[in-house]
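Heads up: the structure comes next, in structure tokens.
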Amino acid sequence: MNDILLDVNDVNVYYGLVQALRGLSIQVGVGERVALLGANGAGKTTTLRTISGMLAPRSGSINLAGQPIGGKPAFDVVREGVAHVPEGRALFAGMTVEENLTLGFASQPNDRDVLHHRRDRVYDYFPILRERSKQAAGTLSGGEQQMLVIGRALMSEPRLLLVDELSLGLAPKIVAQIFEILETVNRDGTAVLIVEQFVHMALQNTDRAYVLRKGVVVDCKPSAELLGDPALIRSYLGEGTAA
Ligand SMILES: Nc1ncnc2c1ncn2[C@@H]1O[C@H](COP(=O)(O)OP(=O)(O)OP(=O)(O)O)[C@@H](O)[C@H]1O
Ligand SMILES: [Mg+2]
């Protein structure tokens, strides 16, 4: 691993009385691509929500490039350099593509030149969004909406991009296309931590993977190594996941 960018150390998270994360420790290096795998309910979404500040850990620490971010509100965490692409693609359906992107800039210093520069950069990654810039987000296809949610996250120029189930409900061809764009984003210097139900797609597009079970990290390996061990993947994630 390069220098450590994200360091999650011994984090415990609860929903009321229910403990969702148990002593969770994960790391992401500068510019690294990491997958977070696990069966339904393992705590993947909870992990991303905790890193991005939507949930506060009851104990443990979260540092970004050595600075503590654990427990800070999401609005601050995004300014520190962490952007979150949440499960379920919440967009403002009645607002245009351009307006949705501008919202992703809301936490940044109010500078129109920077805003336009960042929007152009997103349009370079996703040219279809440029074509659709004046169109209401709700009229986009599922794949275009996912691109817009990722584009909105990129408007803060994050050092770390958290992506939750980008493939949900999309055709494999579109998912592959979005992963290719994420690879370019990563090559341009953004580290990514992805949660993905298409295990193979996730492993093919990452350097390392963590496996979660019931809120606990049960394994961490180079993605290529896991990819070469279908029996191990099945043992962690059940039948059908290693096809
Ligand atoms: N808002 C909530 N209130 C109470 N319990 C919750 C809440 N959200 C999640 N949980 C519980 O926390 C645990 C972890 O859930 P989480 O959504 O993080 O799992 P996941 O790995 O993302 O699952 P999936 O693959 O189904 O998206 C589960 O047991 C879940 O039931
Ligand atoms: Mg989830």
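Rule-based calculations on the coordinates, nothing more; no lab input. Small disclaimer: the values here were computed from a predicted structure and weren't measured. Cβ atoms come from the backbone with ideal geometry, glycine included; neighbour counts cover every protein chain shown.
So the values come out like this:
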item: Most mobile listed residue (211, 18, 149) in the chain, GNM with C-alpha springs under 10 Å; result: 18
item: Normalised contact order of the range 4-237, rounded percent, pairs of Cα under 8 Å and 6 or more residues apart; result: 27
item: Least to most buried among 188, 7 (fewest other Cβ within 10 Å first); result: 188, 7
item: Cβ-placed point charges (K, R +1; D, E -1), dipole of the chain about Cα centre in debye, nearest 20; result: 460
item: Within a Gaussian network of the chain (alpha carbon springs, distance under 10 Å), most fluctuating of 233, 62, 51; result: 233
item: Fluctuation leader among 143, 215, 66 - the chain, Gaussian network, Cα springs under 10 angstrom; result: 66
item: Cα→Cβ-extended label distance, 7 Å offset, between residue 63 and residue 110, nm; result: 3.6
item: Residue 218 long-range amide H proximity, modeled H, under 5 Å; result: 211, 212, 213
item: Charge dipole of the range 4-237 about the Cα centre (unit charges at C-beta), most positive-ward option of 71, 127, 227; result: 71
item: Antiparallel %, DSSP beta bridges [both residues in the chain], to 5; result: 55
item: Helical segments meeting 15 Å axial Cα length and Kyte-Doolittle 0.0 threshold in the chain (DSSP H); result: 142-154, 172-187
item: Of 72/214; 72/221; 72/134; 44/72, pairs whose Cα-Cα distance is over 27 Å; result: 72/221; 72/134
item: Translational diffusion coefficient (Stokes-Einstein; Kirkwood radius from C-alpha pairs) of the chain at 25 °C, 0.890 mPa s, in µm²/s; result: 135
